[in-house]
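Down below is the structure, laid out as structure tokens.
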Amino acid sequence: RWEMKAQSYWKLKQHGQAIGVLNQAQRVYPGDYRYLRRKLFYFVELGLFQQAAVLGQQYLTLSDAGDKDYIAIGNALRLSKQYQKTLQIMETARLKYPENTTVAKVLAHTYIDMGEINSGAYILEQAAQYDASLLSEAAEVYRRAGRLYKALTLNTAIRDQGVKLKQRLSILIALKRYDRAANMKNSLYRAGLLKDQNIRYALAYAYFASGQYDAASRQIDYLKDSEVFKKGVELRRIMESCITEPWQCA
């Protein structure tokens with residue numbers, strides 16, 4: 001009854017009344033922490049992050065909070081860019097629920113949002129012990145951090161062949177291992193990935209960068225998407241320049 005009344009006020013944008021109802025409910029039922037939980041999310045929506053963080057800590061301390069509570073509160077604060085407060089909550093959650101990969105993902109993405117990309121990648125790598133599907137995400141974050149060999153190492157353990165091959169192609173190109181990237185053609189074809197115009201262009205670029213201009217040109221012929229087609233036209237122009245003036249491409 002109290003929650004419904006508060007939510008009715010909230011939907012009418014009568015925020016003060018909604019919070020007042022929850023305050024009254026807390027006085028009547030001091031041991032029922034649902035009202036405290038609801039209030040803290042109202043504070044988040046209102047942008048009152050300091051108050052929300054305080055209530056969040058109170059709720060997690062007083063109530064029989066579970067992993068879903070930590071995730072909900074931590075993620076709300078993360079999306080509100082209250083990163084330090086999120087870290088406090090989610091580091092505690094990670095200690096309590098080391099096998100919960102959602103906890104790990106919220107914590108990892110908090111670090112990534114803060115620009116601490118290596119920390120985020122490491123947490124995702126650790127979480128992949130419990131959920132192997134996170135390996136590709138960890139490898140991608142390491143790639144973004146510039147740790148390309150680490151990304152390539154994790155990539156070898158990815159089970160989904162489509163995800164694995166697509167990511168490996170991008171890593172090899174970033175490493176300038178163009179011959180190895182070009183040699184992936186048959187594997188990409190068998191996995192059906194060459195239907196993706198961006199992958200087709202990446203393969204064309206790998207052929208070009210490894211000096212296989214005819215093979216690159218054949219891949220460019222398949223490009224139909226307008227934006228990727230423009231990139232293909234530009235790549236063909238560069239190849240023509242390399243043929244007529246090879247010293248420019250040495």
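The values are calculated or read from the model by the stated rules, or taken from the named source; none is laboratory data. Just so it is clear, the model here is predicted, and its values are computed rather than measured. In this analysis, Cβ positions are derived from the backbone assuming ideal geometry, glycine residues included, and neighbour counts consider all displayed protein chains. With ligands, DNA and RNA removed, areas are computed over all heavy atoms of the protein, side chains included. Shrake-Rupley method; radii C 1.70, N 1.55, O 1.52, S 1.80 Å.
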For the stretch 124-204, accessible area per residue (1.4 Å probe, heavy atoms of protein chains only), Å²: 52 Å²
Sites matching chymotrypsin sites (Phe, Trp or Tyr not before Pro) across the stretch 181-250 that sit in DSSP coil, with at most 12 neighbouring C-beta atoms within 10 Å: none
Between the stretch 189-204 and the stretch 126-185, the Cα center-to-center distance that results, in Å: 16 Å
Unit charges on C-beta of K, R, D, E only; dipole of the stretch 49-192, Debye: 860 debye
Top positive-direction residue, dipole computed over the stretch 1-120 with Cβ charges, set Ile19, Thr110, Ala65: Ile19
Over the chain: helical MRE at 222 nm, DSSP H runs n ≥ 4 each giving -39500 (n - 2.57), nearest 500: -23000 deg cm²/dmol
Accessible carbon and sulfur surface of the stretch 69-227 relative to its total accessible area, %, 1.4 Å: 45 percent
Residues Thr61 and Glu116, FRET efficiency given R0 of 25 Å [Cβ-Cβ distance, rounded to 0.05]: 0.40
Electrostatic dipole magnitude of the chain [Cβ: Lys, Arg +1; Asp, Glu -1; Cα centre; debye, to 20]: 360 debye
Estimated vicinal HN-Hα couplings, Hz - the stretch 122-134 in sequence order (Karplus 6.51, -1.76, 1.60; Gly, Pro = x): 5, 5, 5, 4, 5, 5, 5, 5, 9, 9, 4, 5, 7
Lys/Arg +1, Asp/Glu -1 at C-beta; the chain dipole; positive extreme among Tyr33, Tyr222, Ala52: Tyr33
Which listed pairs, of Lys68/Lys164; Lys11/Lys39; Lys150/Lys195; Lys150/Lys224; Lys105/Lys176, have C-alpha distances above 26 Å, in listed order: Lys68/Lys164; Lys150/Lys195; Lys150/Lys224; Lys105/Lys176
Residue-normalised accessible area of the stretch 65-122, expressed per residue, 1.4 Å probe, Å²: 47 Å²
Whole-Hz ³J(HN,Hα) from phi, Karplus 6.51 cos²θ - 1.76 cosθ + 1.60, for the stretch 160-170, glycine and proline x: 6, 5, x, 4, 4, 5, 4, 5, 4, 4, 5
FRET efficiency, 1/(1 + (r/R0)^6) with R0 45 Å, evaluated for Asp196 and Thr92 via beta carbons: 0.60
Taking all pairs of distinct alpha-carbon atoms in the chain, Kirkwood radius in angstrom: 21.7 Å
Among Val141, Val233, Val103: highest mean-square fluctuation, GNM of the chain, C-alpha pairs under 10 Å: Val233
For Arg177, residues with placed amide H under 5 Å, excluding near neighbours: none
Vicinal HN-Hα couplings computed from phi for the stretch 97-107 (Karplus, 6.51 cos²θ - 1.76 cosθ + 1.60; Hz; Gly/Pro x): 10, x, 8, 7, 6, 5, 4, 4, 5, 4, 5
